[in-house]
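Right, one structure below, let's go through it.
The values are calculated or read from the model by the stated rules, or taken from the named source; none is laboratory data. A quick note: this is a predicted structure, and the numbers were derived from the prediction, not measured. FYI the Cβ positions are ideal-geometry reconstructions off the backbone, even for glycines, and counts take in every protein chain you see. The protein model used for the area step is the full one, side chains on, heavy atoms only, and it has no ligands, DNA or RNA in it. Shrake-Rupley method; radii C 1.70, N 1.55, O 1.52, S 1.80 Å.
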Amino acid sequence: MTTISRSSWDTNQDRPGSPERRQPLELIWARYTGGIPRPDTDLAAAVEEAKSGDGYIWIGLHNPSEQTMGRLGGQLGLHELAIEDAVHGHRRSKLERFDEHLFFVVSTVAYQERDADAPPEIVTTGELMVFLGDWYAMTSRHSGPSRMPEVRALVEQESDDMPRGPSRVLYSCLSVAIDDFERVAEQMEDDVEDCEQLVFGDRREPDLERTYQIKRELIEFRRCVAPLCAPLTALYTREFGQIHDNAKPYFRELADRVQAVRETVMALEDQLTNILQTALARASFDDNRDMRKISSAVAIVAVPTTLGAIYGMNFDNIPELHWGQGYYVVMAMNVIGMTVLYFLFRKFKWL
C-alpha cells in the first residue's frame, strides 16, 4: 500500500501563520485489481482508474481532520453527515445507507491485562468506520489498537466464493473485529471464574471490588456487541448495491458469531449477578452469626454483672449480706448461671 502524509490533502498544515500546526497523520491507500494491489503512486489517478471500472481503491485513515475528510468526501461523493461522524466519532455500531455509498460503524474491543500499574479498565474500546461504494472502500479508525495488517491479509486471501471488491474490505474489517469480540469473551469467562474463586474460596472476606469491576467491564463490552447484531442482519437480509449476493452468506456467518458472543456476555452477566447476590447473602449471614456470638457473650457476662451490681450497693439491710457463706453462694450462682447459659447457646448453635 502507498503512504501519503496528511499535508498532501491539508494545504494549511504547514502554511506560515496557520493557526494550527499539528503533526501529520498518515493516509494509506491502494488500488486493487483482481485481488492484487497495484503499484500506483498518484491517488487522484488511482481514483479515476477505479471510477472507470478498473478495480477498486481502498483508503485507510487514522483520526482524520475535517479538511482531509472534506477533500476525500468531495473525491468519493460522501454524504456530509457520514463525514461528520468520521471526524468526530460515533460510539455505537450502526449501518446507514446513502445515495452513493454505505456507511458502517463498528465498535472495537481489546483486552488489557491487569497489573498493579494498569488503569482499572480491563476492556478498552475503539471504533472503526467503513465507507463502502461501488468502486471504493475507506476505513477510518479513531481509537483502539490497529488491526489493519490482519484486515489486509484477509482481503488479499484467496477465496473461490467470496467476491472480490469493496464488500470484501467491509467483511474483513468486521471479521477481525468479531475475532476480538470472541477473544475478549473467552478472557472475560476466565475473569468471572476467578471472581467465583475469590468469592467462594477459603478467604474470610470475599473480594467484591474485583467482582464489581468485572461486572462494569461486562456492561461496557455488551454495549459494544449488542448494537452490531441489527446492522449485520441488514447486510444479508436487505438489498444493497454494494453487497454482492455471493457475499451475503459470509455476513450471515458474522451475524451468527456476534449473536453467540452476545449470548455469552449475557450469560456471564447473569452468572456474575448471581455471584454478587450470593456473596452479599453470605456476608449478611456471617454478620448475623457474629452478632449472635456477641449477644451470647453479653448474656453470659450479664449474670455476674447483675449479681455484682446488686451486692455492690451501699445498703446494710440486704438479705444474706452478713451471712458467713454468702460469698460462696453468690459465686456459685455466678458459675451455675453462666454455665447454663453457655450450654443453652451451644445447643441453639449461637456459639
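On the stretch given as the range 74-109, residues that are at negative phi and open to solvent by less than 60 Å² (accessible area, probe 1.4 Å) total 22. Selection of the range 214-250 for residues being within 29 Å of Met188 (Cα to Cα), touching a residue at least 40 places away in the same chain (Cβ under 8 Å) and among the β-branched types (Val, Ile, Thr) yields Ile214, Ile219, Val225.
Residue-by-condition table, conditions (1) in a helix (DSSP H, G or I); (2) of a type in the set (Val, Ile, Thr); (3) under 13 Å from the mean Cα position of the chain (by Cα):
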site	(1), (2), (3)
Asp179	yes, no, no
Gln187	yes, no, yes
Glu196	yes, no, no
Val199	yes, yes, no
Ile219	yes, yes, yes
Cys224	yes, no, yes
Cys229	yes, no, no
Leu232	yes, no, no
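Per the conditions (1) within 20 Å of Gln112 (Cα to Cα); (2) aliphatic (A, V, I, L, M); (3) surrounded by fewer than 17 Cβ atoms within 10 Å (Cβ to Cβ), the sole criterion not satisfied by Ala283 is (1). With respect to the conditions (1) modelled with pLDDT under 85; (2) open to solvent by 40 Å² or more (accessible area, probe 1.4 Å); (3) over 33 Å from the mean Cα position of the chain (by Cα), Met1 falls short on a single one, namely (3). The conditions of being surrounded by fewer than 17 Cβ atoms within 10 Å (Cβ to Cβ) and at pLDDT below 80 are not met by Ser52.
Among the residues of the range 134-165, the ones that are in contact (Cβ under 8 Å) with a residue 60 or more places away in the chain, open to solvent by 30 Å² or more (accessible area, probe 1.4 Å) and either in contact with a Phe, Trp or Tyr (Cβ under 7 Å, 6 or more places away or on another chain) or of a type in the set (D, E, K, R) (or both) come to 8 in all.
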